[in-house]
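To start, the structure under review is shown below, and the notes come after it.
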Amino acid sequence: MIGGGLVGMAVGWGLLRLGRQVTVFDEGDRAIRASRGNFGLIWVQGKGAGMPDYARWTRLSARLWPSLAEELSAASGVRPELSQPGGMTLFLSEAEAAAGVAKLEGLRDALGGDYPFEYLGANAARALVPEIGPEVVGAIHCPMDGHVNPLYLLRALHTAFARAGGRLVNGAAVEAVEPLGGGFRIRCAGGSEWRAGQVVLAAGLGNARLAPMVGLDAPVRPERGQVLVTEKVRPFLRLPLARVRQVGEGAVQIGDSREDAGFDDGTSTEVMAHLARRAIRYFPLLERVRLVRAWGALRVMSPDGNPIYERSRECPGASVINCHSGVTLAAAHALVLPGWLTLERGGDAPGYMEVFGAERFRLQATG
Amino acid sequence: MPRDSGFRRLDETGAPVAFEIDGVAVAAREGDTVAAAMLAAGILAGRQTPVSGAPRGPFCMMGACFDCLVEIDGEPNCQACMTPVAPGMRVRRMRGARPLPEATADAG
């Protein structure tokens, strides 16, 4: 497993549960780590427009999350603070609300009507969360959404992985993956070499460089998101929002910016100010709550924003995983994907996995 | 309120400053931070954490650790180590997370 973030550790732990021997290579402190900057949402609403199977896959993972949380807590002793009370999106104008509703209606149609959500007027939204401000004209409530503490999730996965006999190689920047004698040779910076029968690329943005070495494609690019965190306040926000959530310990997290900043995972005053202003329009009480931290992190984005799962035809035994939702998809990654990757229990995986192949970008490029 | 402290002033020349902690008068010196004055007065814990309820008090004394949070003149979660003590200042120790602020009238 190349990559020790949320994706690599979820799949790695899942492979151990199938009885596989697993070694994870984790790059080290200079790595670009999306898993350390994650917002922590289990978010279904709105995902999969243009690719309904991504919506199905996301919902499958959200449904499996309670099982993951239970098994992972038992295996690691670390609880990821799972809460799935549904999520809300707040709208500040009628036009924004109409666009939001149209998007989910489109998804509902594409999924044959099976896509629960509800539009709430301003008063109905305020009945759920009284602190919602007067500028909010309405909200969408979607019962499929939730949130976790992403750092506890990562810690739980690492602990469960180690307890199940997985081997983690720290500070291992993988320079090359080479097909060799029916298996693979992994070459790390510093000269160490490893052999593996199968290899999974879960190196986030690093996959772009590694995938072509084993006949795969991972045309991913960084999309920066910035996150603000406030001082801890008494709980008022029971439901997570796409842009604001209150964590279990009381801090309010504010996010959902999107910018192309290359590989710079820092912060900028303009974006932080924009995030803060918008959050105050949602919840005016935040104007007098102090910010204590901010950071940037890089989403791993494919050209269409949907995930990539592909098993190499050219180099059997190699596969690639890319997504920008390591938290939401953690349950599917741990409980479903390992069987599909190893071909052992492929019957457990949904029949639509092939649509996630990066082939879709090659066809677009030539067509 | 305790008055014995393991902390000793190295410089006693500053002019006296009177302020209060939880309504009790405390003597400080000009130039003290609230955190320094608390420690000199033997008050080691300024709050109970919102997470575990365990006591916390000034630790890093340089604005980094946020363990010295107290309420100052009605404003919760102030860093005591970054706030110079002022005559008549009213400091309150905190239990758990701060209450929600009232939204200001013009915020919307």
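Only the coordinates and a few stated rules stand behind these numbers; no lab work does. Because the structure is predicted, anything quoted here is derived from the model rather than measured. We place every Cβ from the backbone using ideal geometry, glycine too, and count neighbours over all the protein chains shown.
Quick look at the numbers
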quantity	calculated
Of the GluC sites (Glu not before Pro) in the range A:240-316, those whose Cβ has at most 14 other Cβ within 10 Å and which sit in DSSP loop	A:Glu249, A:Glu314
Degrees separating the helix A:52-76 axis from the principal Cα axis of chain A, which is the longest one	80 degrees
Average Cα contact separation per residue, chain A, under 8 Å, 6 or more apart, as relative contact order %	24 percent
At R0 = 51 Å, FRET efficiency that the Cβ-Cβ distance of A:Leu111 and B:Ala27 yields, to 0.05	0.15
Between helix A:6-17 and chain A: long-axis angle, C-alpha atoms, 0 to 90°, nearest 10	60 degrees
The range A:271-350 - Rg (one decimal) and Dmax (whole number), Cα, Å	19.7, 58
Residue list for the range A:236-255, given a label point 7 angstrom along the Cα-to-Cβ vector of B:Val51 and an amide N cut-off under 20 Å	A:236-237, A:245-254
Cα-based helix-to-principal-axis angle, A:150-163 vs chain A, degrees rounded to 10	30 degrees
For chain B, radius of gyration divided by Kirkwood radius, i.e. Rg to Rh on alpha-carbons	1.00
The range A:1-98: trypsin sites (Lys or Arg not before Pro) falling in loop per DSSP and having at most 14 other Cβ within 10 Å	A:Arg30
Interchain or long-range residues, amide H under 5 Å from B:Leu69's placed H	B:Ala80
